[in-house]
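The values are calculated or read from the model by the stated rules, or taken from the named source; none is laboratory data. Quick caveat: nothing in here was measured; it's all calculated off a predicted structure. Note that we place each Cβ from the backbone using ideal geometry, even for glycine, and neighbour counts take in every protein chain shown.
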Amino acid sequence: MPARECSRTACSRPAVSTLTYVYEDSTAVLGPLSRTSEPHAYDLCADHAQRLTAPQGWELIRVPGSSGASDDLLALADAVRPRPAVPEPVPAAEPSPRRHLHVIRSSND
């Protein structure tokens, strides 16, 4: 199985890091090369990973580790996303009597 290459255009160096984005939180996560290629992640060579900057207004999280140490950086990206509060269960309402619509004619008819 050939080594994965850097995702940057015209770069054929071997990838050593994987970049994922959490668009909802404006966060980019750069970590060790994932074991499998993910369709929504970018594999980067050492040079491109080192020079990477986040878009203006975004946070860049660099996760240290050796190549292949992380199985799924998408799970890491989900881990930094704040969890919504769990709403309390609403008690079941008693069924209301079925109501029917009635036509009411105006006095002009």
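Listing for the model above:
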read-out	value
Pairs where the first residue, in segment 27-40, is within 17 Å of residue 51 (Cα to Cα) and crowded, with 17+ Cβ neighbours inside 10 Å and the second is at pLDDT below 90 and of a type in the set (S, T, N, Q), C-beta under 9 Å, 6+ apart	31/70; 32/66; 32/67; 32/70; 33/67; 33/70
Residues satisfying the stated conditions in segment 1-23, i.e. within 15 Å of residue 61 (Cα to Cα) and loosely packed, with under 14 Cβ neighbours inside 10 Å	23
Any strands (runs of 3 or more DSSP E) falling wholly within segment 20-65 and containing at least 2 residues that are farther than 19 Å from residue 9 by Cα	27-32, 59-62
Within segment 14-66, tally of residues that are among the basic types (Lys, Arg) and either in contact with a strand residue (DSSP E or B) (Cβ under 8 Å, 6 or more places away or on another chain) or within 17 Å of residue 3 (Cα to Cα) (or both)	2
Test set (1) surrounded by 11 or more Cβ atoms within 10 Å (Cβ to Cβ); (2) modelled with pLDDT of 65 or more - residue 77 fails condition number	(2)
